[in-house]
Amino acid sequence: MQTVIQATPHQLNQLKKAYTTAIKNPPPAYALFAAKLPDVSITAYRSGKVLFQGKGHARESAKWSKLFQPQRPKKHRSSSAATTKPLLPQGLKDWSVLGSDEVGAGAYFGPLTTAAVYISQDNLDWVRQLGVADSKTLTDHDMIKMAPKIIAHLPHHVVNLLPEKYNAIQPQNNVNQMKAISHNFALHKVLEKIAPQKPQAILIDQFALPQTYYKHLTNANQQPIVRENVYFTTKAEQYHLSVAAASILARYVELQTMKKLSAEVGITLPIGAGKAVDLVAAELLRQQVDLRQYAKLHFANTQKAQKLVK
């Protein structure tokens, strides 16, 4: 019993003025305002999405859809986005959630590492006290201290796709397909560990549209495919601590792997795909090191390093 429409900033202001007497304070997180009528609730998000919920959702949303339609020539795209990328449930941050995230997809050296972590409602306060937040605000030192505690205290699973394996399957699987397979596998493993308990939601840090994500899994003949109560959003670590914890755990495993690989070749392998990476890769080629075991060969850095050697 809900409808989602898309509005411009100007249209959001029109909506807010129209519902002035019905506005509830304070508004939910990331919302511009929320209003309550006898048979419908309206929540307008800063992203431009407007959610109508309740018995009167169709009537109230239709009124605004007709008014806004001339300013929305690509309405069919908004409709598609509304069905494939639903708004996250209100109060999600306080739910029991299984979250997943990955690191390493944009780095030439090292693995593609995906982690899934389950945080029950009982563990939310413990995780907050630990200091888990958006991993982008934490240093590597912070994450190295936190990760062992996450491992010891919370149900989790990590898929650490090392370069040799990555290079073996990459010709048949693009990066997003490898990500999808890794996320699905890690999520399934954690669901097995916590069964018969089930999370109220599963939150994936979005790297592809949901229909594309599931298409990747179907094309790869993955079984089972985790679908129940699954939500996707970019910057998901900001919406639930489970994704933040997964991001920390993935980064920790990536760093440990990079340390091990660096020790094997006797050179500190830089993370990323910049000029410093080209120079190190060229040096390894001069030493006749097999890059398949240390780097993602389909990156342009491989050709750049080969040119440096010549």
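Quick rundown of the values:
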| item | result |
| --- | --- |
| Given K189/K215; K145/K235; K149/K193; K215/K304, the pairs whose alpha carbons are separated by over 26 Å | K215/K304 |
| Neighbour net charge for A35 - beta-carbon separation under 12 angstrom, K R +1, D E -1 | +3 |
| Burial ordering of Y30, Y239, fewest other beta-carbon atoms within 10 Å first | Y30, Y239 |
| For F33, residues with placed amide H under 5 Å, excluding near neighbours | A44 |
| Among 287-293, 56-62, 178-184, the order from most to least packed when residues are scored by Cβ within 10 Å on average | 178-184, 56-62, 287-293 |
| Between the range 264-289 and the range 115-190, the Cα center-to-center distance that results, in Å | 26 |
| Furthest towards positive pole of dipole, S247, A152, N174, structure part the range 151-257, Cβ charges | N174 |
| Other-chain or far-sequence residues with amide H under 5 Å of Y108's (modelled H) | G272, A273 |
| Förster radius 25 Å - calculated FRET efficiency between D122 and D142 (Cβ-Cβ, nearest 0.05) | 0.55 |
| The range 261-309: C-alpha gyration tensor shape, a/c 1.5 cut-off, then a/b vs b/c | rounded |
| Neighbour-count ranking [beta-carbon atoms within 10 angstrom, fewest first] of H141, H298 | H141, H298 |
| Rounded FRET efficiency, nearest 0.05, which uses the C-beta distance separating Q288 from K260 and R0 of 22 Å | 0.60 |
| Lysines whose Cα lies under 17 Å from that of K310, excluding same-chain neighbours fewer than 8 positions away | K275 |
| Trypsin sites (Lys or Arg not before Pro) lying in DSSP loop within the range 204-253, provided at most 14 other Cβ fall within 10 Å | R227, K235 |
| Within the range 152-209: Cβ-based charge dipole about Cα centre, in debye rounded to nearest 20 (Lys, Arg +1; Asp, Glu -1) | 120 |
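Rule-based calculations on the coordinates, nothing more; no lab input. Quick caveat: nothing in here was measured; it's all calculated off a predicted structure. Glycine gets a Cβ as well: all are built from the backbone with ideal geometry, and neighbour counts include every protein chain shown.
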